[in-house]
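Since the structure comes first, as structure tokens, the remarks are kept for the end.
The values are calculated or read from the model by the stated rules, or taken from the named source; none is laboratory data. Remember, it's a predicted structure, so these values are computed and weren't measured experimentally. As a convention, Cβ positions derive from the backbone with ideal geometry for all residues, glycine included, and neighbour counts pool all protein chains shown.
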Amino acid sequence: MAQQLEIRNVVKHFNLKHGGKSTTVKALDDVSFDISQGEIVAITGPSGCGKTTMLRIIMGLETASSGEVISCGKKVTGCGFDRSLVFQHAELLPWRNAKSNVAFGLELMGMAQGERDGVADRYLAMVGLSDAADRLPHQLSGGMKQRVGIARALATEPYILLMDEPFGALDAQNREDLQNELLDIHGQTKKTIVIVTHDLDEAVLLADRVIVMKAGLVQEVLTVEIPRPRGRLAALRGNAEFGRKRLALWELLHEERQSA
Amino acid sequence: MKLNEKGATMPAEVVDGKPVSRLSYLTITVLSLIVMLLFLEIIGRRANPMFASYPTAIAVELVRMTADGRLVFAFLESLWPLLVGFALAAALGVPLGVLIGRFRSVEAAIGIYITAGYAMPLVALVPLYILWFGLGFGVKVAIITTLTFFPICINAWLGVKMVPRTLIEVGLSFVASKQEILRKIVLPASVPYIMSGFRLGVGKAIIGMIVAEFFTAITGLGGIIINAANSFETAQMLAPIVVIMVFAVAVTALLAWAERKIAPWHQELTRQD
């Protein structure tokens, strides 16, 4: 399979200012990994391990202090339509209705009004929200908001979908519904998906590979050998491979906590 | 705010578990007005009519001065510089506030003058304004614009600063230019703050109007006030003040209504149940 995303020796420093004294914090310390086309990769690890920073660098919202990210064969120098980001709290524009939020990226792409209406309708239907097209974000539940966020990210038809703890703020039932829907969408679109999560179940249920980060380094990469389509998640939890990898992941993160 | 799957069927507001409709809040306001008027009537009637007055006496003056046309003429005379001054203040204040909020270097360069200007004791500067602008329409507009400009500008500035970083990142993630981020994200997100600036500006503009009518050519509602005061006609003096207050309340309500129409999402986000 083609390499869709190549992360090469990425280092990221942050300068923190404390009362005139500036200290340098190393958020990422020489991170490298590849992601293949159509793969779902989860990045997990304890708070402050650099997983969200890594995702933001891939998106182009932050620049690496050194090293590079190559997306679809091109070096990333900023945001681009080959990638889309699903934000942690959806971040819909509150003055635009659901459909207009989905069309936002298309509008910035320069797509004509008539055409973007059609595309937005299609992606709203994909996340099951055709009936809520005219509602403003404050009239949507948390789960519906994040569905609109996903539709907005997909509408520009990126090759890579980046997700920053997208279901972390949802209740358990909504979270599982959205996880199922994400797997369905992946089945339909075969997008490459990178999902940052602190939820171990989510990482193992969704991903082909789980990248475990620790203190700015890739600690371990686990491969989850559950064939696709994986079916409903509720049933998947009984899968032996799920149990093994869930345990392996837990032990990795646990041993880290003991050593810290 | 509680999220609701059906969205449209949320009750207006809930206090102690019981829904309270807009109508009962209106009742509270009306009751408060009645109590206040009664109180003023009782107190006012006990006082020497040179030192104070009371609602019914003022109402009689209102009717009389409206009937002979003085009040209407004075009101229109005051309204014209008020409108021009307010429009100028908005036209200058909003763009400048947005510019200061959007560019850190502009903020560093002129933010301090805006903050200082807001606290400037304008009344003390009126003699200078008269030297610069004369005694007519121009100086009235200048005084009103100066007073109104600062709250409008500061609110626009604040509104732009308050736009969440993540909303701007949504634009960045879709490769939006600086100009697109300003037009499609920053400006719409600032609308509620800009509208609040307008509301504060109305109060300032009215103060500016009266100050101008007192200290430059004596005209309009301010003119009636000062002439009545000079002849110890207290009820006659208070009548235009009532007109001004009613006018301010009406304009503020109109702006609040406009804000609900333009930015219905903001009220929902900030509602405190």
* Asked: How many residues does the range B:70-101 hold that are farther than 24 Å from B:Gly208 by Cα and surrounded by fewer than 20 Cβ atoms within 10 Å (Cβ to Cβ)?
  -> 1
* Restricting the range A:89-104 to residues that are within 30 Å of A:Ala172 (Cβ to Cβ) and within 8 Å of chain B (Cβ to nearest Cβ), the residue that is surrounded by the fewest Cβ atoms within 10 Å (Cβ to Cβ) -> A:His89
* Asked: A:Asp82 is checked against (1) more than 25 Å from B:Val191 (Cβ to Cβ); (2) in contact (Cβ under 8 Å) with a residue 12 or more places away in the chain; (3) out of contact with any strand residue (DSSP E or B) (no Cβ under 7 Å at 6 or more places or on another chain); (4) not basic (Lys, Arg) and fails just one. What number does that condition carry?
  -> (3)
* Given the residues A:Leu162, A:Leu236, A:Leu170, A:Leu222, which is the only one that is in contact (Cβ under 8 Å) with a residue 60 or more places away in the chain and surrounded by 18 or more Cβ atoms within 10 Å (Cβ to Cβ)? -> A:Leu162
* Tally the residues that are at the interface with chain A (Cβ under 8 Å from one of its Cβ atoms) and either among the small types (Gly, Ala, Ser) or in contact (Cβ under 8 Å) with a residue 24 or more places away in the chain (or both), restricting the search to the range B:165-187. => 3
* Structure fact -> By residue number, the members of the range A:53-88 that are within 11 Å of chain B (Cβ to nearest Cβ) and either closer than 16 Å to A:Ser32 by Cα or in a strand (DSSP E or B) (or both) are A:Arg56, A:Met59, A:Arg83, A:Ser84, A:Leu85, A:Val86
* **Residues satisfying the stated conditions in the range B:163-200, i.e. surrounded by fewer than 18 Cβ atoms within 10 Å (Cβ to Cβ), farther than 23 Å from B:Gly93 by Cβ and charged (D, E, K, R)** => B:Arg165, B:Glu180
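Let's see how each residue does on (1) buried (at least 18 other Cβ atoms within 10 Å of the Cβ); (2) of a type outside the set (Gly, Ala, Ser); (3) under 25 Å from B:Pro49 (Cβ atoms):
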| position | (1), (2), (3) |
| --- | --- |
| B:Val202 | yes, yes, no |
| B:Ile210 | yes, yes, yes |
| B:Ala228 | yes, no, yes |
| B:Ala250 | no, no, no |
* Condition met for A:Asp29 (under 19 Å from A:Thr197 (Cα atoms) and surrounded by fewer than 18 Cβ atoms within 10 Å (Cβ to Cβ)) -> no
* **Scope the range A:45-70; condition surrounded by 19 or more Cβ atoms within 10 Å (Cβ to Cβ) and more than 16 Å from A:Phe87 (Cα to Cα); matching residues** => A:Gly45, A:Cys49, A:Gly50, A:Ala64, A:Val69
* Structure fact -> Residues of the range A:120-164 being away from chain B (no Cβ under 13 Å), under 29 Å from A:Gly60 (Cα atoms) and of a type outside the set (A, V, I, L, M), in sequence order, are A:Asp121, A:Arg122, A:Tyr123, A:Tyr159
* Condition check for A:Leu106: farther than 30 Å from A:Ala203 by Cβ and under 21 Å from the mean Cα position of the chain (by Cα) -> yes
* Can you tell me which of B:Leu82, B:Leu37 is assigned to a helix (DSSP H, G or I), hydrophobic (A, V, I, L, M, F, W, C), modelled with pLDDT of 80 or more and closer than 30 Å to B:Phe150 by Cα? -> B:Leu82
* Collect the residues in the range B:86-128 that are of a type in the set (Phe, Trp, Tyr) and free of Cβ contacts under 8 Å to residues at least 40 places away in the same chain, keeping them in residue-number order. => B:Phe103, B:Tyr113, B:Tyr118
* Asked: Do any strands (runs of 3 or more DSSP E) lying entirely in the range A:143-260 carry at least 2 residues that are more than 30 Å from A:Ala132 (Cβ to Cβ), and which ones are they?
  -> A:209-214, A:217-223
* From the set of residues in the range B:121-148 that are aliphatic (A, V, I, L, M) and under 18 Å from B:Phe86 (Cβ atoms), which is modelled with the lowest pLDDT? -> B:Leu122
* Sort out which residues of the range B:135-149 are in contact (Cβ under 8 Å) with a residue 40 or more places away in the chain, out of contact with any Phe, Trp or Tyr (no Cβ under 6 Å at 6 or more places or on another chain) and either over 22 Å from B:Trp80 (Cβ atoms) or of a type outside the set (A, V, I, L, M, F, W, C) (or both), and write them in order of number. => B:Gly136, B:Lys140, B:Thr145, B:Thr146
